[in-house]
1. Among the residues of region 98-117, are any out of contact with any helix residue (DSSP H, G or I) (no Cβ under 9 Å at 6 or more places or on another chain) and under 21 Å from residue 202 (Cα atoms)?
2. Run down 55, 37, 17 and say which single residue is at pLDDT 80 or above, more than 30 Å from residue 149 (Cα to Cα) and loosely packed, with under 13 Cβ neighbours inside 10 Å.
3. In region 320-335, what residues are free of Cβ contacts under 8 Å to residues at least 40 places away in the same chain, surrounded by 11 or more Cβ atoms within 10 Å (Cβ to Cβ) and under 18 Å from residue 250 (Cα atoms)?
4. Could you identify the single residue in 99, 130, 138 that is modelled with pLDDT under 85, touching a strand residue (DSSP E or B) at 6+ places or on another chain (Cβ under 8 Å) and surrounded by 15 or more Cβ atoms within 10 Å (Cβ to Cβ)?
5. Out of curiosity, is residue 42 part of a loop (DSSP other than H, G, I, E, B), buried (at least 16 other Cβ atoms within 10 Å of the Cβ) and at pLDDT 85 or above?
6. All but one of (1) on the phi < 0 side of the Ramachandran plot; (2) without any contact (Cβ under 8 Å) to a residue 60 or more places away in the chain; (3) touching a strand residue (DSSP E or B) at 6+ places or on another chain (Cβ under 7 Å) hold for residue 62, so report the exception by its number.
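The values are calculated or read from the model by the stated rules, or taken from the named source; none is laboratory data. What you see is a predicted model, and the numbers here were worked out from it, not measured in a lab. Note that we place each Cβ from the backbone using ideal geometry, even for glycine, and neighbour counts take in every protein chain shown.
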């Protein structure tokens, strides 16, 4: 661990008692005074599903390390759940969550979500009092795109709120953002991985979710958003081929400098851009990509199923910075999309 003291930039280093063979050695690290001794502690989750807490000079805090009783790659959050003045550590997983107090004692819901998707990727959880009952609820995005609110009952035994879980149309690895919008009631905003932002009233039903979907515009630096009013109808057969609103490149622009700072859990190389295609028919889509000088630099065929999230990973390691154009064609229909690369 390296400690830098400002403003003089004095550097102090000390080892941490974490197994050397772990990969990755450290998944996340936070600074929190968990025992209220006026000195920040290091809260670290590591690759062996162990939660470590070290004091300011690198010694284990009493009660730690502790095994995390769930599979998770999420960042921990901090909150005083039981209102005793001491912060607790919250770690979310694919179908449940765990709460650690300052002594290393862990508690979790007695009933978990059913049918997790078993890839251990979830956004984590946060604690907020959203219903003015003096008890904090637990909010998080769990497996299968499920937004959940857990009520605190019987002194830190948590039960899923009857109005939840609610499934979104796309996965999210972001914490929900809870705020009042335009002086209206408090809502939860959930940014998903493909740029869609879901807006939900805290006591919302699935119908409420379907009525409030925000879509981020791509290929502009402002990252502006516009409200889409979904039809609610499932994909139908007909003359249409492409669902234009759900066919796009991401990340767009592809910034290799930015991507190298993100841990994709070794699933996506740094210099890869993904083409998502949604169609109204089962069809083979021809993909051609051209640079700004109209030189063809990529060609492929993707078999797409109706209503499915069809993805094509495109290696951009040999492509230079600039704007590119993709031409998608199937059954005489053509869709043109542009994307950018920043290196």
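1. yes
2. 37
3. Correct list: 321, 322, 323, 324, 325.
4. 130
5. Considered against the rule, which asks whether it is part of a loop (DSSP other than H, G, I, E, B), buried (at least 16 other Cβ atoms within 10 Å of the Cβ) and at pLDDT 85 or above, residue 42 comes out as no.
6. It is condition (3) that residue 62 fails.
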